[in-house]
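K.L.:
Got a structure here, written out as structure tokens. Questions coming.
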Amino acid sequence: MTKKPLVSVIIPSYKRTTTLGRAIESVLNQTYKNIEIIIVDDNDEYSEYREETKKFMQPYIANYNIKYLKHKTNKNGAAARNTGIKNANGDYIAFLDDDDEFAPNKIELQISKISKLDDRWGGVYTGYICKNKNKIVMESGHLTEGNFKEELLMMKAGIGSGSTLLFKKKVLDELNGFNETFKRHQDWELLIRFFRKYKMGAVDKKLTIIHKDDSNNRPKAKTLEELKYKYLSCFEQDIITYPTNIQHEIYKCHFLEVSRAYFKEKKIQRGYDFYKRAISNSNSSIREKLIVILSIIDGFVPIKDKLKSTINQMPNNYKNRYI
């Protein structure tokens with residue numbers, strides 16, 4: 001009987017022992033059994049979180065096929081994932097954030113899918129359910145396969161998070177892993193380089209549970225502005241390969257996000273400046289304009305989550321109806 005390929009599941013951890021156990025248990029409960037788990041502790045060596053995580057990990061290390069790797073200082077998620085990649089023995093690598101979880105058959109179905117694809121395909125992703133305090137707030141739609149670099153540049157690719165992804169290890173080695181200078185959009189950065197050569201397969205089932213309970217993970221508007229300029233500058237050579245109208249749409253999506261961030265901080269002039277830049281060469285849909293208006297109002301009067309959710313989930317046909 002042929003031995004099934006080894007899958008390395010890399011879980012970076014930072015200040016989250018309260019959810020780390022849930023993530024680990026979801027991997028231990030996989031129907032696919034040839035798995036090694038790699039926990040990368042990204043807490044500072046002498047911090048209370050390091051001590052807490054070390055104590056938490058002791059029974060797991062003693063009883064399961066788990067590698068526990070520790071950074072001396074906090075680096076970032078990209079660096080932690082790279083540490084995991086360098087220490088992985090698997091033929092395939094999956095990533096799992098320490099507050100997310102896998103459905104029991106996620107890895108089995110991804111391996112079944114990727115084993116049927118040729119060398120042009122470097123990875124497979126799954127659908128997802130996004131929860132906030134155990135309430136479903138978002139779900140993936142129908143998944144596409146192939147090369148969706150354009151959608152990724154526009155922030156419209158339905159990846160969900162890095163927790164949905166499984167790659168061939170040799171592909172990640174070829175890409176030299178994640179760019180550790182990126183503090184945000186780390187998964188996107190890797191995937192855009194990935195799509196320069198490879199295609200992505202899909203298992204069109206909701207097999208990843210993404211938890212968004214931590215609302216403090218949003219950067220300040222000024223930080224977001226700097227991150228966006230870095231991201232757009234890094235991939236300028238990719239962006240200019242598209243027709244002018246697509247280039248405008250790419251910049252619009254990112255500038256609108258910065259605009260909303262400034263409005264939420266009540267920095268109206270700065271928010272308006274980025275809104276003007278976003279729409280200067282591109283039409284804006286009803287949905288996009290409503291979201292910006294809500295962001296302005298929300299800076300002064302809190303908007304109920306349900307109203308925000310309703311706008312965010314407006315049907316796709318509204319996206320192309322312009323005013």
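Each reported figure results from applying straightforward, stated rules to the coordinates on display, with no laboratory input. Quick caveat, the model's predicted, so the values are computed rather than measured. Heads up, the Cβs are rebuilt from the backbone with ideal geometry, glycines too, and the neighbour counts pull from every protein chain shown.
K.L.:
Roughly how many debye, to the nearest 20, is the charge dipole of the range 7-216 about its Cα centre, given +1 on each Lys and Arg Cβ, -1 on each Asp and Glu Cβ, and no other charges?
P.N.:
On the way: 34 positive and 30 negative charges, 56 e Å.
For this selection, approximately 260 debye.
K.L.:
Normalized C-alpha radius of gyration of the range 72-129, against 2.2 N^0.38 Å? Don't jump to the answer; show the numbers that get you there.
P.N.:
Details: Rg = 13.6 Å, N = 58, 2.2 N^0.38 = 10.3 Å.
Compactness ratio reported: 1.32.
K.L.:
Can you run phi through the Karplus equation (6.51, -1.76, 1.60; θ = phi - 60°) for the range 4-11 and list ³J(HN,Hα) in whole Hz, with x for Gly and Pro?
P.N.:
Each residue's phi maps through the Karplus curve to give 6, x, 7, 10, 9, 9, 9, 10 Hz.
K.L.:
Pick out, from LEU165, VAL124, ILE209, the residue whose Cα sits farthest towards the positive end of the charge dipole of the chain, with +1 on the Cβ of Lys and Arg and -1 on the Cβ of Asp and Glu.
P.N.:
Of the candidates, ILE209 comes out farthest on the positive side.
K.L.:
Find how many whole Å separate the alpha carbon centroid of the range 53-87 from the alpha carbon centroid of the range 156-226.
P.N.:
20
K.L.:
What order do you get for 136-142, 9-15, 110-116 when each peptide is scored by the mean count of other beta carbon atoms within 10 Å, highest first? Display every interim value, and only then the final one.
P.N.:
Details: 136-142: 13.7, 9-15: 24.1, 110-116: 17.0.
Packing proxy ranking, top to bottom: 9-15, 110-116, 136-142.
K.L.:
Report the charge-dipole magnitude of the range 1-119 in Debye, nearest 20, computed about the Cα centre from +1 at each Lys and Arg Cβ and -1 at each Asp and Glu Cβ.
P.N.:
Values: 18 positive and 18 negative charges, 63 e Å.
Rounded to the nearest 20 debye, it is 300 debye.
K.L.:
VAL137's amide H: which non-local residues (gap 5+, or another chain) put their own amide H closer than 5 Å, with H modeled 1.01 Å from N in plane and none for Pro or chain starts?
P.N.:
CYS130, LYS131, ASN132
K.L.:
Still on this structure, I have one more. Ranked highest first by the average count of other Cβ atoms within 10 Å around their residues, in what order do 171-182, 228-239, 254-265, 198-209 fall? Please list the in-between numbers first.
P.N.:
Working: 171-182: 16.8, 228-239: 15.1, 254-265: 22.2, 198-209: 20.6.
Ranking the peptides 171-182, 228-239, 254-265, 198-209 by packing returns 254-265, 198-209, 171-182, 228-239.
K.L.:
Can you tell me what share of the DSSP beta bridges in the chain is antiparallel? A percent to the nearest 5 is fine.
P.N.:
On the way: 14 of 40 bridges.
If we restrict to bridges inside the chain, about 35 percent are antiparallel.
K.L.:
Can you return the lysines within cross-link range of LYS113? Criterion is Cα-Cα under 18 Å, with same-chain partners fewer than 8 residues away left out.
P.N.:
Within the straight-line limit of under 18 Å, LYS113 reaches these lysines: LYS3, LYS4, LYS33, LYS168, LYS169, LYS170, LYS199, LYS205, LYS206.
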